[in-house]
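The block underneath contains the structure these notes are about, expressed in structure tokens.
The values are calculated or read from the model by the stated rules, or taken from the named source; none is laboratory data. This one's a predicted model, so the numbers in the text were calculated from it and none came from an experiment. Reconstructed Cβ throughout: ideal geometry from the backbone, glycine too, with neighbour counts over all protein chains shown. Note: areas computed on protein heavy atoms with side chains; ligands, DNA, RNA excluded. Shrake-Rupley method; radii C 1.70, N 1.55, O 1.52, S 1.80 Å.
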Amino acid sequence: QVQLVESGGGLVQPGGSLRLSCAASGSIFSLYRMGWYRQAPGKQRELVANIISGGSTNYADSVKGRFTISRDNAKNTVYLQMNSLKPEDTTVYYCNVVQSTRNYWGQGTQVTVSS
């Protein structure tokens, strides 16, 4: 089993920045893909960004140019730097990692963008 601990959410004004972190622990041998999803009430969970072990990244169109995903393989940690935040970015963000054929999810961290 892999456990994920997220941190970094909170309240920020429009145009501000936040950095989310997600640390993986447990039975780790090869974290192929690490990423972030978000889910607003009444909506489906959607991909925000992910990064594979080789470093290739993928972003939702709505966050391209504003968000940057990175990972520290030595620490089994994935980061999401969020800049130029908008009110529509407000929701719960979930960390996701894929190891072998299994998906693991974090508990979620709330991001609120409001003046």
### Query
How about segment 7-115: which chymotrypsin sites (Phe, Trp or Tyr not before Pro) there lie in a loop by DSSP and see at most 16 other Cβ atoms within 10 Å?
F29
### segment 1-28-segment 47-115 distance, computed between alpha-carbon centres (Å)
8
### Message
From the phi angles alone, apply the Karplus equation (6.51, -1.76, 1.60; θ = phi - 60°) to segment 19-34 and give each ³J(HN,Hα) in whole Hz, x where the residue is Gly or Pro.
### Response
10, 8, 10, 9, 9, 9, 8, x, 7, 9, 10, 6, 8, 5, 10, 10
### Query
Largest first, how would V92, V63 line up by accessible area (1.4 Å probe)?
V92, V63
## Note on the structure
Label model pair S70, S114: point-to-point distance (7 angstrom along the Cα→beta-carbon line) in nm is 3.1
### Task
Quick one: which residues, 5+ away or cross-chain, put their amide H under 5 Å from the amide H of V48? H built at 1.01 Å from N.
W36, Y37, R38
### Query
Can you give the charge dipole size of segment 1-91 about its Cα centre, rounded to the nearest 20 debye, using +1 on the beta carbon of Lys and Arg and -1 on the beta carbon of Asp and Glu?
60
### Task
Go through segment 101-108 residue by residue and turn each phi into a ³J(HN,Hα) via Karplus (6.51, -1.76, 1.60, θ = phi - 60°); whole Hz please, and just put x for glycine and proline.
10, 10, 9, 10, 10, x, 7, x
### Task
Scan the chain and report its longest stretch carrying no trypsin sites (Lys or Arg not before Pro) that are both in a DSSP loop and have at most 12 other Cβ atoms within 10 Å.
1-42
### Query
Label points 7 Å out from Cα along the Cβ direction at R45 and R102: separation in nm?
1.6
#### Entry: Cα-based Rg / Dmax (Å) for segment 1-86
13.3, 39
### Prolate/oblate/rounded label for segment 26-71 (Cα gyration tensor, a/c 1.5)
oblate
